[in-house]
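Participant: Could you have a look at this structure, given as structure tokens, before my questions?
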Amino acid sequence: MSDNQRHVAMITGGNSGIGFATATKLAAQGFHVILASRNQQASAQAITRILAGNPNAAVESIPLDLASFASVRQCVSLFQAKDYPLHILINNAGGSVPGKEARFTEDGFEMTFGTNHLGHFLFTNLLLENLKQSAPARVITVSSELHNPAYARGPGPDFDLDNLKGEKYYDPQVFYRTSKLANMWFAYELQRRLMGTGVTSNAVCPGFVPAAIAARRKSSIERFFYAQIMARMPFARSLEQASDSYMVAATNPRFEGVGGKFIVDGQEKRSSDESYDEQKARRLWEMSWEWCGLDEIHSS
Ligand SMILES: NC(=O)c1ccc[n+]([C@@H]2O[C@H](COP(=O)([O-])OP(=O)(O)OC[C@H]3O[C@@H](n4cnc5c(N)ncnc54)[C@H](OP(=O)(O)O)[C@@H]3O)[C@@H](O)[C@H]2O)c1
């Protein structure tokens, strides 16, 4: 397949974990894959690994730090300068920031919310014209079942405008769950705004993936615990299974033209009641638009 016949898929954080497993599968299916990722050395190694298994793969990397609006804009500019179409955008990067103290993005937002939600909000909005011009196209935003207070023990998400930066309290797990609720609101609201454009927006949960968690742990005991013990639990998903879920959302004909869904294990699933609150989703959209400075960009 010549390079200009390939469909183009961009994935944030595609150089490790579930993102890398997905990038490998997209390349195997003949997509031109762009890894939009923070660590360029890890991206170079990821590209080498993909090419080793598939010498005909088309894969490249563009630097992206979602915790910096300037970096997000720079990544989009570099992508747009290449004049590629964009058929699939997978907003995968992120995770939870450990520690008792809140940390902040370059632009002053709490790190987990700023990276998982705001960085992707700006990134996707800046790429919308590219997606529309390449339609049919799909946006997949990686959330988690943890956005649902009924899922797992412990405190659920708490979208409190007066505590978005940890002004009242900071709990990394709550902030992670809140960021994943924001991902749900974003994915659903984006679908409403994209009606009739040929671009769809869905949310995905990869399931609990101990292999990806193990790779991040510094302690060898913790790595062993996740990779050897948790990975054997019946509710655990392998990198293979988790990336299959992304692939269903990204490429399966079953989801052609279908948006506004939450996809888990390759199947549609109902998300939390709060995630369907259109008023809250719209409010978050409008605030995120302002926080990301999109008014200034769109009026300039
Ligand atoms: N693993 C699970 O059990 C699980 C469950 C539910 C949902 N998820 C979601 O699945 C997605 C992928 O997670 P994973 O488990 O595959 O984790 P992972 O291996 O830690 O991958 C996360 C990726 O995000 C990137 N990233 C983090 N902060 C970034 C930033 N500021 N700018 C750009 N890239 C950034 C990381 O880049 P660096 O290498 O530079 O750090 C890495 O490539 C995440 O959205 C996570 O919340 C995971």
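Participant: For region 237-259, give me each residue that is outside any helix (DSSP H, G or I) and buried (at least 18 other Cβ atoms within 10 Å of the Cβ). Can you show your working first?
Facilitator: First, the residues of region 237-259 that are outside any helix (DSSP H, G or I): 237-238, 252, 256-259.
If the condition is that a residue be outside any helix (DSSP H, G or I) and buried (at least 18 other Cβ atoms within 10 Å of the Cβ), then Arg237, Gly259 are the ones that fit.
Participant: If you go through region 254-300 one residue at a time, how many are touching a Lys or Arg at 6+ places or on another chain (Cβ under 6 Å) and touching a residue at least 12 places away in the same chain (Cβ under 8 Å)?
Facilitator: The qualifying residues number 1.
Participant: Run down Ser272, Ser245 and say which single residue is within 23 Å of Thr12 (Cβ to Cβ), of a type in the set (Ser, Thr, Tyr) and assigned by TED's automatic domain parsing to the domain that holds Glu110. Don't jump to the end; show me each part of the working.
Facilitator: Numbers: Ser272 fails: within 23 Å of Thr12 (Cβ to Cβ).
Within the list Ser272, Ser245, the selection yields Ser245.
Participant: Looking at this structure, is Gly114 in contact with a Ser or Thr (Cβ under 6 Å, 6 or more places away or on another chain), more than 13 Å from Thr12 (Cα to Cα) and within 12 Å of the ligand (Cβ to nearest atom)?
Facilitator: On the way: in contact with a Ser or Thr (Cβ under 6 Å, 6 or more places away or on another chain): yes; more than 13 Å from Thr12 (Cα to Cα): yes; within 12 Å of the ligand (Cβ to nearest atom): yes.
For Gly114, the condition - in contact with a Ser or Thr (Cβ under 6 Å, 6 or more places away or on another chain), more than 13 Å from Thr12 (Cα to Cα) and within 12 Å of the ligand (Cβ to nearest atom) - is met.
Participant: A follow-up question, please. From the list Ser43, Ser77, Ser71, pick out the single residue that is under 24 Å from Thr251 (Cα atoms), outside any loop (DSSP other than H, G, I, E, B) and of a type in the set (Ser, Thr, Tyr).
Facilitator: Values: Ser77 fails: under 24 Å from Thr251 (Cα atoms); Ser71 fails: under 24 Å from Thr251 (Cα atoms).
Matching residue, one of Ser43, Ser77, Ser71: Ser43.
Participant: Go over the candidates Ala46, Ala27, Ala58, Ala102 one by one and state the one that is within 14 Å of the ligand (Cβ to nearest atom) and touching a strand residue (DSSP E or B) at 6+ places or on another chain (Cβ under 9 Å).
Facilitator: On the way: Ala27 fails: within 14 Å of the ligand (Cβ to nearest atom); Ala58 fails: within 14 Å of the ligand (Cβ to nearest atom); Ala102 fails: within 14 Å of the ligand (Cβ to nearest atom).
Answer to the check: Ala46.
Participant: Hey, can you tell me all the residues within region 135-151 that are in contact with a strand residue (DSSP E or B) (Cβ under 9 Å, 6 or more places away or on another chain) and in a loop (DSSP other than H, G, I, E, B)?
Facilitator: Residues of region 135-151 that are in contact with a strand residue (DSSP E or B) (Cβ under 9 Å, 6 or more places away or on another chain), as a first pass: 135-147.
Scanning region 135-151 gives Ala135, Pro136, Ser143, Ser144.
Participant: Hey, does region 86-102 have a residue that's assigned to a helix (DSSP H, G or I), touching a residue at least 12 places away in the same chain (Cβ under 8 Å) and more than 30 Å from Glu167 (Cα to Cα)? If you could, list the steps in order and put the result at the bottom.
Facilitator: Kept after step one, since they are assigned to a helix (DSSP H, G or I), are these residues of region 86-102: none.
No: region 86-102 contains no residue that is assigned to a helix (DSSP H, G or I), touching a residue at least 12 places away in the same chain (Cβ under 8 Å) and more than 30 Å from Glu167 (Cα to Cα).
Participant: Scan region 220-271 for residues that are basic (Lys, Arg) and at pLDDT 95 or above and jot them down.
Facilitator: Taking region 220-271 first, the residues basic (Lys, Arg) are 223, 232, 237, 254, 261, 269-270.
Within region 220-271, Arg237, Arg254, Lys261, Lys269, Arg270 qualify.
Participant: Using the structure shown, decide if Ala135 is under 29 Å from Pro85 (Cα atoms), away from the ligand (no atom under 12 Å from the Cβ), touching a residue at least 60 places away in the same chain (Cβ under 8 Å) and among the small types (Gly, Ala, Ser).
Facilitator: Numbers: under 29 Å from Pro85 (Cα atoms): yes; away from the ligand (no atom under 12 Å from the Cβ): yes; touching a residue at least 60 places away in the same chain (Cβ under 8 Å): yes; among the small types (Gly, Ala, Ser): yes.
Taking the combined requirement at face value, the residue satisfies it.
Participant: Moving to a separate point now. Among the residues of region 1-20 satisfying the criterion of being buried (at least 24 other Cβ atoms within 10 Å of the Cβ) and within 9 Å of the ligand (Cβ to nearest atom), which is nearest to the chain's Cα centre (by Cα)?
Facilitator: From region 1-20, those buried (at least 24 other Cβ atoms within 10 Å of the Cβ) are 9-15, 18-20; that's our starting set.
So of that shortlist, the ones also within 9 Å of the ligand (Cβ to nearest atom) come out as 12-15, 18-20.
Numbers: Thr12: 6, Gly13: 8, Gly14: 10, Asn15: 13, Ile18: 10, Gly19: 9, Phe20: 12 Å.
For region 1-20, the residue satisfying everything is Thr12.
Participant: Also: Residue check: is Ala215 farther than 19 Å from Ala137 by Cα, small (Gly, Ala, Ser) and at pLDDT below 95?
Facilitator: Here the answer is yes, as Ala215 does meet what is asked.
Participant: A further question on this structure: For Ala52, state whether it is in a helix (DSSP H, G or I) and within 13 Å of the ligand (Cβ to nearest atom).
Facilitator: When the stated conditions are applied, Ala52 does not pass them.
Participant: Go through region 180-226 and give me each residue that's basic (Lys, Arg) and either surrounded by 24 or more Cβ atoms within 10 Å (Cβ to Cβ) or more than 15 Å from the ligand (Cβ to nearest atom) (or both).
Facilitator: Narrowing region 180-226 to residues basic (Lys, Arg): 180, 192-193, 216-218, 223.
Matches in region 180-226: Lys180, Arg192, Arg193.
Participant: Of all residues in region 129-179, how many are surrounded by fewer than 19 Cβ atoms within 10 Å (Cβ to Cβ), within 23 Å of Thr105 (Cα to Cα) and of a type in the set (Ser, Thr, Tyr)?
Facilitator: Count: 2.
Participant: What are the residues in region 16-40 that are of a type in the set (Gly, Ala, Ser), in contact with a helix residue (DSSP H, G or I) (Cβ under 6 Å, 6 or more places away or on another chain) and part of a helix (DSSP H, G or I), if any?
Facilitator: Within region 16-40, Gly17, Ala21, Ala27 meet the criteria.
The values are calculated or read from the model by the stated rules, or taken from the named source; none is laboratory data. Remember, it's a predicted structure, so these values are computed and weren't measured experimentally. Note: ideal-geometry Cβ built from the backbone for every residue, glycine included; neighbour counts use all protein chains shown.
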